[in-house]
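Some notes on the structure that comes next.
The values are calculated or read from the model by the stated rules, or taken from the named source; none is laboratory data. Since we're looking at a predicted model, the values are computed, not measured. Counting neighbours? That spans all protein chains shown, and the Cβs are built from the backbone with ideal geometry, glycine included. Side chains included, ligands, DNA and RNA excluded: accessible areas come from the protein's heavy atoms. Shrake-Rupley method; radii C 1.70, N 1.55, O 1.52, S 1.80 Å.
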Amino acid sequence: MGVTSQIVSVLASTMTSSTTTAIFVHNYFTSLEIVQYLKDKNCRYTGTARDNKIGKPLLKSIKDMEKKTVPRGMHDYITSDDGVLALRWKDNRVVTLLSTDMGMEPISSVYRYCSDTKKKEP
């Protein structure tokens, strides 16, 4: 287990009830290794992830999603047999997320302010 995964596992071991607590983590501490380790301990986990720490899930590549032709809000996801969700979506940048706690439903649109058009857009 890597150093950052060890840090998360030590901190998670101090929780009194890992089944009723969810961990939300920055991409520096998220790896497929720690997600699966904590899932085996019945601990719920959600974190943004760096592309080089999540293996090779069958998601659209970051390079493909960064293209101008791909609209903001486009997403791709896959769930493993053991319940780990890998999700990638395009916002200002491409964001990757690993979770054993969250699902994909419900999907909805939100409005945000666009500085180019000076109005809210979906």
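Measuring with a 1.4 Å probe in the full set of protein chains, what accessible area per residue, in whole Å², belongs to the chain? The partial results should precede the final answer.
Values: 8340 Å² over 122 residues.
It amounts to 68 Å² per residue over the chain.
May I ask you to compute the full-extension gain from S17 to T117, defined as 0.36 nm times their residue separation minus their alpha-carbon distance, rounded to one decimal in nm?
Working: separation 100, 0.36 × 100 = 36.00 nm, distance 4.82 nm.
Between S17 and T117, full extension yields an extra 31.2 nm.
When ranked by the protection proxy of mean other Cβ atoms within 10 Å per residue, highest first, what sequence do the peptides 108-121, 43-56, 69-82 form?
Details: 108-121: 8.2, 43-56: 17.1, 69-82: 12.2.
Result, highest mean Cβ count within 10 Å first: 43-56, 69-82, 108-121.
State the percentage of accessible surface on the chain attributable to carbon and sulfur atoms; use a 1.4 Å probe and exclude ligands, DNA and RNA. Show your work: numbers first, answer last.
Values: 4460 of 8340 Å².
C and S atoms contribute 53 percent here.
Along the Cα→Cβ direction, 7 angstrom out, place labels at K63 and D81. What is the inter-label distance in nm?
The two pseudo-label positions are separated by 3.1 nm.
For region 1-119, divide the Cα radius of gyration by the Kirkwood radius and give the resulting Rg/Rh value with two decimals.
Numbers: Rg = 15.9 Å, Rh = 15.5 Å.
Expressed as Rg/Rh, it is 1.02.
What does the charge count around S115 come to, taking other residues whose C-beta lies under 14 Å from its C-beta (Lys +1, Arg +1, Asp -1, Glu -1)? It would help to have the intermediate numbers written out before the result.
Working: positive: R72, R112, K118, K119, K120; negative: D116, E121.
Spelling it out: positives minus negatives among the neighbours equals +3.
Cα extents of region 1-61 along the three principal axes, largest first, in whole Å?
Principal-axis extents of region 1-61 (Cα, largest first): 38, 22, 18 Å.
Roughly what would the spin-label model give for W89 and V70, points 7 Å off Cα along C-beta, in nm?
1.4
What is the count of Lys pairs in the chain whose alpha carbons sit under 27 Å apart, if the two are 8 or more places apart or on different chains?
Taking the chain as the scope, the lysine pair count is 27.
Measure nothing fancy, just the Cα-based angle from helix 3-13's long axis to the longest principal axis of the chain, in degrees from 0 to 90, nearest 10.
70
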